[in-house]
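Student: Questions regarding the structure given below will be posed in turn.
The values are calculated or read from the model by the stated rules, or taken from the named source; none is laboratory data. These numbers were taken from a predicted model, which means no experiment stands behind them. Glycine also receives a Cβ, built like all others from the backbone with ideal geometry; neighbour counts cover every protein chain displayed. Each accessible area value is taken on the protein alone, full model and side chains, heavy atoms only, with ligands, DNA and RNA left out. Shrake-Rupley method; radii C 1.70, N 1.55, O 1.52, S 1.80 Å.
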Amino acid sequence: MKKQLTWFGTLAIILMALSPLATNAQEKTELQYFRSNDKEGLNVFETPKEAKGTFDKVRVFVGGDFALQFQTINNYNNLNNLVELGSNFNLPSANLNINTQLADGMRLHLRTYLSSKHHVEAWVKGGHLQIDKLDFIRPGFMEGFMSVATITVGLDEFNYGDAHFRRSDNARVIYNPFIGNYIMDSFSTEAFGELTIQNNGFIGVIGLTNGKLNQNVIVNDNSDNKASFYGKLGFDKQLSDDLRLRLTGSWYLNNGTTTGTWLYGGDRAGSRYYGVMQALEGNASDFEGRFNPRFKQMTAMQFNPFIKYRGLEFFGIYEVVNNSPDQGDGQFTQVAAETLYRFGTTEQFYLGLRWNSVNGNANSTAPDTKITRLNLGGGWFMTKNVLLKLEYVNQEYKDGFAPDSKYFEGRFKGVNLEAAISF
């Protein structure tokens, strides 16, 4: 209760302090080149190259995300040594979002986690500067190039793969049709810079990060400080009024042994499934339900098809991550298929199914492991800012786990109800 009062009080003070400026801003203009933080942001991937808003002076936009779950999930394993889970509410999560239009074609994003599963204190998730025009140098500077280009720099999530556009980001769960994120959750916040090109359906991204989740300038004998490189190529086109097709391929490469290890372990907010697979004895983890290969010197590739025909929607993942031969030569493969049907006068309702599987080994001598998850659910956008969703989940730990492991013949399954507000 103290934690909830702390983040609620913090949010109230900030909103009261900024409300005159924010209200004035939101009455006069819109954020430029921005993915709307509500139902209108569904199925938006890279930020659009249409400005939409106009600029007259610096404007501050204050927004937020709130999410609350009622969870009814049970977990099992062969050792019968997991905690008993009941049916109850989880601790609500909350984000504070500040977006500032700094100049024509230049804006700043900052997100703070006010309440999360993993951290008891409010802290900054990350932020970035996005530049879609270079008029601050001089009017019309490189106008032709910037009409298709976006420059992004900061310490925030970077654009590897398409799955991160559909995931829950702590309390911002409105883009995710289900409760949990994918089993291998490719998401990290690192110091990065990237260039995105969007032209007549073509998408190209090239970028680099410093490979560090926790920033530190101290050098020791184990530090190699090698950068991580990533990119994306793809095509995204509205082929007709009824049909949209998108297909992308992304890659991530790191040659360091002390950097670049966070691609599947960078979300410090914690899993959206609470208390699952927690042993009666031993340390509890806030990240259960996910799988992190924990590779060093990794190479990852993710391919994502997206098809929307009227109300029918399909999104897929085929992803392979490899360790270098010097580090054990392991490999894991993730496959996911998600099908939704949106209906209603504004597609405010949806039903859907998601199947997700991860299998592979940590090194060439280790046994193959396999984890599968099935999600069935649906949702109702009560307004464009308010979403109610219901989900059934069944996750199984199938192969490759030792008989003395808590994951041996492990499973959790049950029902979640999640209410979300984003604005």
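Student: Could you tell me how many cubic angstrom of Cα convex hull volume the stretch 129-277 has per residue?
Tutor: Convex hull volume per residue, Cα atoms: 165 Å³.
Student: What net charge is computed for the residues neighbouring G207, neighbours being all others with C-beta under 13 Å from the C-beta of G207, Lys and Arg scored +1, Asp and Glu -1?
Tutor: -4
Student: Counting pairs of alpha carbon atoms under 8 Å apart in space and at least six apart in sequence, what relative contact order in percent does the stretch 36-132 give?
Tutor: Relative contact order here is 23 percent.
Student: Still on this structure: Could you tell me which of T152, Y392, L195 has its Cα farthest along the dipole of the chain towards the positive end, charges placed at Cβ (Lys, Arg +1; Asp, Glu -1), taken about the Cα centre?
Tutor: Y392
Student: Follow-up. How high is the relative contact order of the stretch 78-196? Use alpha-carbon pairs under 8 Å, at least six apart in sequence, and give a whole percent.
Tutor: 21
Student: From the Cα gyration tensor of the stretch 200-277, with a ≥ b ≥ c the square roots of its eigenvalues, which class applies: rounded if a/c is under 1.5, or else prolate if a/b is larger than b/c, or else oblate?
Tutor: oblate
Student: Where does each of 384-393, 122-131 land if you order them by average Cβ count within 10 Å, highest first?
Tutor: My ranking of the peptides, most packed first, is 384-393, 122-131.
Student: In what sequence, highest mean first, do 259-268, 238-247 appear when ranked by Cβ atoms within 10 angstrom?
Tutor: Per-residue mean Cβ counts within 10 Å order the peptides as 259-268, 238-247.
Student: Would you mind working out the magnitude of the charge dipole of the chain relative to its Cα centre, with +1 at each Lys and Arg C-beta and -1 at each Asp and Glu C-beta, to the nearest 20 Debye?
Tutor: Dipole size: approximately 600 debye.
Student: Reported to two decimal places, what Rg/Rh ratio describes the stretch 373-423 when computed on Cα atoms with Rh from the Kirkwood expression?
Tutor: Rg/Rh: 1.23.
Student: Run the accessible area of the chain with a 1.4 Å probe and give the carbon-and-sulfur part as a rounded percent.
Tutor: Result for the chain: 60 percent of the exposed heavy-atom area is carbon or sulfur.
Student: Then there's this: To test your reading of the geometry: what angle, between 0 and 90 degrees and rounded to tens, separates the Cα axis of helix 2-28 from the longest principal axis of the chain?
Tutor: 30
Student: At a 10 angstrom cut-off on C-beta neighbours, averaged per residue, how do the peptides 76-85, 349-358 rank from highest to lowest?
Tutor: By packing density, highest mean first, the sequence is 349-358, 76-85.
Student: Suppose all protein chains stay in the model; what accessible area per residue would a 1.4 Å probe give for the stretch 266-423, in Å²?
Tutor: On a per-residue basis, the stretch 266-423 sits at 45 Å².
Student: Let me ask something else. Compute the Cα gyration tensor for the stretch 99-191, then decide on rounded, prolate or oblate, letting a ≥ b ≥ c be the square roots of its eigenvalues: rounded whenever a/c is under 1.5, prolate when a/b is larger than b/c in the other cases, and oblate in all that remain.
Tutor: prolate
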